[in-house]
1. How long are the semi-axes of the equivalent ellipsoid of region A:80-199, taking √(5λ) for every eigenvalue λ of the Cα gyration tensor, in whole Å from largest down?
2. Looking at region A:24-98, which trypsin sites (Lys or Arg not before Pro) are in a loop (DSSP not H, G, I, E or B) and have at most 16 other Cβ atoms within 10 Å?
3. At what distance in nm do the modelled label points of A:L24 and A:A185 sit from each other, each positioned 7 Å from its Cα along Cα→Cβ?
4. Are there chymotrypsin sites (Phe, Trp or Tyr not before Pro) in region B:77-152 that DSSP puts in a loop and that have at most 14 other Cβ atoms within 10 Å, and which ones?
5. So what J values fall out for region A:73-80 if you push phi through Karplus, 6.51 cos²θ - 1.76 cosθ + 1.60 with θ = phi - 60°, rounded to Hz, Gly and Pro as x?
6. As an exercise, identify the GluC sites (Glu not before Pro) in region B:14-111 lying in DSSP coil whose Cβ has no more than 12 other Cβ atoms within 10 Å.
7. Which whole-number percent gives the relative contact order of region A:69-300, counting Cα pairs below 8 Å spaced six or more residues apart?
8. How well do other chains shield peptide A:89-99, expressed as the mean number of their Cβ atoms within 10 Å of each residue Cβ?
Amino acid sequence: MKNRSSSRFFHAKLPYLLTLPIILLVALLVVYPITQAIWTSLTDKTLGAAVDEKINFVGLRNYNSLLHSSTFLASLRITTTYALLNVIFSVGAGLLTAILVNKKFKGRGGIRALMTAPWAFPDIASVIIFIWILNSAFGVIGILNQHLPFDTSGGWLTSSPYAFISIIVMSMWKTFPFYSIVFLAALQGVPEDLTEAATVDGAGPFQRFKTVTLPSIRPTFVLLALLAFIFAFRQFSMIYLTTGGGPERDTETLVLAVYNTAFKYYDLALSSAIGVVGLIFTFLIAVAFLALQSRAEKSNS
Amino acid sequence: MIFLVSLLVIFPLYWMLVTAVQAPEVTLRYPPVLYPIDPNIKGFHAIFIEKQMGQWLINSGFVAILTTILTSILSILGAYALSWFKWRGKMAFGLMLLFTQMLPEALIVIPIFKIYSNLHWTDSLATLSLIHAAFVIPVGVWILKPAFEGVPKEVNEAAQIDGCTPMGVLRKIIIPLCSPAILAVGVVAFFASWGEYLIAVTMISTEGKYPASVGLASTMSQLDTPIQTLLSGAIVYGLPPVILYMFIQRFVISGLTAGAIKG
């Protein structure tokens, strides 16, 4: 397929003309802003700086202060924890439910359609629902705090560690049904005769899963884990509008740190430096994604 | 078991529907009433009359339509270049798309705002759609590329013998044959823009120009807003994408998971 498609046309100029509008758009709205962020991160610019105020070049000073900032290091830890927990819980729940649905039963189509709902539901609308559900005085989950063995009286979104748990649960609600559908598609691609052969050989359900199912859905598994990681890393509005990064800065992931450092603490230069660190992360994730793709392609051919 | 899971998935949405039509004094009862008693639509009335929900939805629709048109056209051209041509820089182009797709907007929204201020492009719904398009085009290209590649070579050869130019092949053969995938790109672009909050709230400052995401978030931050009003807003804003996505889930899955950039 690959070879066939790439040799259809050879045309000296046309592909460049075709891609020119995208390249211009990305140059203006992605590449140029990135150069601006890098430049600002090397200065001492503040948000309130007047137009004629002199901005000094300070070299790597901002990066140096990041290295020694406990808030920044905490933010890195929060980002990683949030992303990894997303991968574990969302992808895990997606796989489990897919295995459950991967049988013929009445109403399966309906359940599959239903599973796309949270993914398609906009972030802001989801935030409104969860703020209501978690409301400590009247929320349907929030009022449970009277009956729990641990103290959640500080509020599900306003005290630690419940704020962090809440944003994990929200992200999980929003993503795992989608992962479940993707897993289901992969599970249905597992050859039936292989499973049958394993049964004939006396393999139990668990062994069948380990030796037949798991190897054939591994590429999907790795891909979804990476997607979940990216989703968590990019997530801004759901966290920002529920906890704002708080209480204290306990739910402030990297992307929130960029925003809060600029708009709450007015330190534009430091915010840009955090942004640049984020860009490096993005680059590494993209490279990981590529490596995965090429490995998957090799194993296919 | 699976029904229990579906129940957990659907409960927040169900609870939104119930509370939105529930009388305020019922929502404050303990233990919570799990079904509507004496339902009313005062919340819907309030979000449209006391707030500018109608205008906000129109604004969102306007931005989303522009984003959809732009994304569809540019993704078709980009996917055509990636799937049917051999050229230097193809790999770099794919890499650029992939990086853009994974980039958190929050990292560069401030420099984008500065650029827009200098161009006097802020507080405009039309220029907002440019940014939305830039971030959703990669997904569009990944949805279309495998579809374009699936068009049989023979069709193309026959067309060329008939004197079709490369652009003619795209227009007369590929686009008609791949229209379901193109439609999917349109839907994805529409709702990516429809759901976007951060860029919109940064760029748009006039309340009458708010897209629904920004309008609802600002209503939410006014602490005296009744929950029925907020949830009614969430329903009219959030349910259309849910219903449409159910129809196109197959394409969305392939687009989001197929970031292959090998040519």
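None of the figures in this text is laboratory data; all of them are computed from the coordinates on show. These numbers were taken from a predicted model, which means no experiment stands behind them. Heads up, the Cβs are rebuilt from the backbone with ideal geometry, glycines too, and the neighbour counts pull from every protein chain shown.
1. 34, 16, 13
2. Hits after loop and neighbour filter: A:K54.
3. Placing both labels 7 Å along Cα→Cβ, they lie 3.4 nm apart.
4. Working: sites: B:Y80, B:W84, B:F85, B:W87, B:F93, B:F99, B:F113, B:Y116, B:W121, B:F135, B:W142, B:F148; in loops: B:W87, B:W121.
Filter output for region B:77-152: empty list.
5. Per-residue couplings from phi come out as 5, 5, 4, 4, 5, 4, 4, 5 Hz.
6. Numbers: sites: B:E25, B:E50, B:E105; in loops: B:E50.
Here the sparse-neighbourhood loop sites are B:E50.
7. Working: 230 pairs, mean separation 64.5, N = 232.
Contact order relative to length: 28 percent.
8. On the way: counts 0, 0, 0, 0, 2, 0, 0, 3, 5, 0, 1.
Mean number of neighbouring Cβ atoms from other chains: 1.
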